[in-house]
Amino acid sequence: MLTKLKSLTIIPPGHPLRGRVTPPGSKSITNRALLLAGLAQGTSRLSGALKSKDTALMAAALLQMGVRVEEPDETSFVVTSSGRLAAPAGPLMLGNAGTAVRFLTAAVATIEGTVVVDGDEHMRKRPIGPLVEALRSLGIAADAPTGCPPVMVEGRGGFGAGRVEIDGGLSSQYVSALLMAAPCGSGPVEVALTGAEIGAKGYVELTLAAMRAFGAKVEKTDARTWRVEPTGYRATDFPIEPDASAATYLWAADMLTGGDIDLGVPMEAFTQPDAAANRFIKMFPKLPSVIDGSQMQDAVPTLAVLAAFSEAPVRFTGIANLRVKECDRVAALATELSRIRPGLAREEGDDLVVVADPSLAGQTLPTSIETYADHRIAMAFSLAGLKIGGITILDPDCVGKTYPGYWDALASLGVEMEGR
């Protein structure tokens, strides 16, 4: 793997990309499974897992809280726990791992003692206020003075009981955090949604499936409410499917180059919401004029770059939540696409409009792409480099957050790159 590079220039291959590349394990599922295994009594074996910066941070936090985490090979974790988390000696420093920060903010309420959940300068700009307010409504002392990390939680050895309401419009991770902590309550917990929408509700379904695999009893009592019984969790062997968000880059590379890239897994193997992007990618170069990205948010950067080469403009709607990801992805996509060709994309409210210009393919347009320390911006804009000469990705190592082997994967398909 290429490491410690300031920049990476993609050389358009000029030929269809062919070969087999299996995406890494799902980050979303891996981090859910790691936490649930840490809350479960006994030894759990997680197979097909992702080893990346985000999952390493979650594993390190569990170690701080007395959970044994072993890594027998490149795609497995073996997690042994007493079923209870212990107070860590210091703050849990979780970088810019949103799943780890949100999930652990709720989970540490089960600890006896005070825990600080913190992140890097990027994470300290990402909102967590709604989750903190929800915890307070359960009688859990929690405080985030800026509305973003760091968060201080005074754990009381359990998650309490009763009804907790949460607005999931800003992030479905708040809902998942409460649901995963709820089986550790002293009685049943009702998690109820407020607000009109929930961001990426498919990820809540991933959460529920993982919880049930670890022995939780959850039932949906109405369209907006779940009742979670105080069962705790039991250790289990848990297989993790490949990452659908990572797969979108390979699907798009295949379509852009007229290639034949075998992912080694059938479409039906993906239960993650971002797999829905495959339907749109297959429409290229005739993408629809409007794409609702609300339920496949991490796939929007892939689709937006693909849209630059489409036959007609594409408007992306339902993507306001992208403004509170690793960076403001709506602004980043508009800015960086327009860096390639002025006016190629623009923001309209919270929508992103990609004007589309098929004539870009085959041109040489020397452009340095700012990645904002965001793995998805880096990987999405690498796709532009497959068709346009001179595309340089700055801080290419940021892909290590979820796909450390991404550049190696492109190289294995015959893509040449020049690093500096």
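Packing, as the average of other Cβ atoms within 10 Å across residues, places the peptides 301-311, 121-131 in the order 301-311, 121-131, highest first.
Between residue 22 and residue 361, what FRET efficiency comes out of the Förster formula 1/(1 + (r/R0)^6) with R0 = 25 Å and r the beta carbon distance, rounded to 0.05? FRET efficiency, residue 361 to residue 22: 0.35.
Annotation: extensible slack from residue 260 through residue 323 equals 19.3 nm (criterion: 0.36 nm per residue apart, minus Cα-Cα distance).
Assign unit charges at the C-beta atoms only (+1 for Lys and Arg, -1 for Asp and Glu), then state the dipole size of the range 27-239 relative to its Cα centre in Debye, rounded to the nearest 20. Display every interim value, and only then the final one.
Numbers: 21 positive and 21 negative charges, 46 e Å.
The calculated dipole for the range 27-239 is roughly 220 debye.
What shape does the range 27-239 have by the C-alpha gyration tensor, where a ≥ b ≥ c are the square roots of the eigenvalues, rounded means a/c under 1.5, and otherwise prolate means a/b greater than b/c and oblate the rest? Rounded shape, in that the Cα axes give a/c under 1.5. What is the helix-to-structure angle for 27-39, meaning the angle in degrees between its Cα long axis and the longest Cα principal axis of the chain, kept from 0 to 90 and rounded to the nearest 10? It works out to around 10 degrees.
Counting only DSSP beta bridges with both residues in the range 27-239, the antiparallel share comes to about 70 percent.
The C-alpha atoms of the chain define a longest principal axis, and helix 172-181 lies at about 30 degrees to it. Considering only 392, 161, 360, the residue lying farthest towards the positive end of the dipole of the chain is 161, judged by Cα position with unit charges set on Cβ. Ranked by the mean number of other Cβ atoms within 10 Å of their residues, highest first, the peptides 28-41, 330-343 come out as 28-41, 330-343. One Cα centroid belongs to the range 384-419, the other to the range 94-148; the line between them spans 34 Å. Applying 0.36 nm per residue to the separation of residue 116 and residue 222 and subtracting their alpha-carbon distance, the gain on full extension is 34.7 nm. Centroid-to-centroid, using Cα positions, the range 1-35 and the range 291-355 are 21 Å apart. A full extension of the chain between residue 292 and residue 229 corresponds to an added length of 19.2 nm, given 0.36 nm per residue minus the alpha carbon distance. Springs between Cα atoms under 10 Å define the GNM used for the chain, and in it the highest mean-square fluctuation of 312, 378, 100 occurs at 312. What you get for the chain, charging only the Cβ of Lys and Arg (+1) and of Asp and Glu (-1), is a dipole of about 260 debye around the Cα centre.
The per residue volume of the convex hull around the alpha-carbon atoms of the range 109-156 is 58 Å³. Dipole size of the range 238-336 about its Cα centre, with +1 on Lys/Arg Cβ and -1 on Asp/Glu Cβ: approximately 400 debye, rounded to the nearest 20. Under a Gaussian network description of the chain, with springs only between Cα atoms under 10 Å, the residue in 142, 49, 223 that fluctuates furthest is 223.
Provide 135, 263 in ascending order of the number of other Cβ atoms located within 10 Å of each residue's Cβ, fewest first.
Ordered by Cβ neighbours within 10 Å, fewest first: 263, 135.
In the chain, the DSSP beta bridges split such that about 65 percent are antiparallel, to the nearest 5.
Specify the angular offset, from 0 to 90 degrees and rounded to the nearest 10, of the alpha carbon long axis of helix 329-340 from the longest principal axis of the alpha carbons in the chain. Rounded to the nearest ten degrees, it is 20.
What FRET efficiency do you get for residue 68 and residue 351 if R0 is 51 Å and r is their Cβ-Cβ distance, rounded to the nearest 0.05? Don't jump to the answer; show the numbers that get you there.
Values: r = 47 Å, r/R0 = 0.93.
Calculated transfer efficiency: 0.60.
Using the alpha carbons alone, the radius of gyration of the range 120-264 stands to its Kirkwood radius in an Rg to Rh ratio of 1.06.
Laboratory data are not the source of any read-out in this text; all were calculated from the coordinates shown. Just so you know, these numbers come straight off a predicted model, no measurement behind them. When we count neighbours, we look across all protein chains shown, and the Cβ atoms used for this are built from the backbone with ideal geometry, even at glycine.
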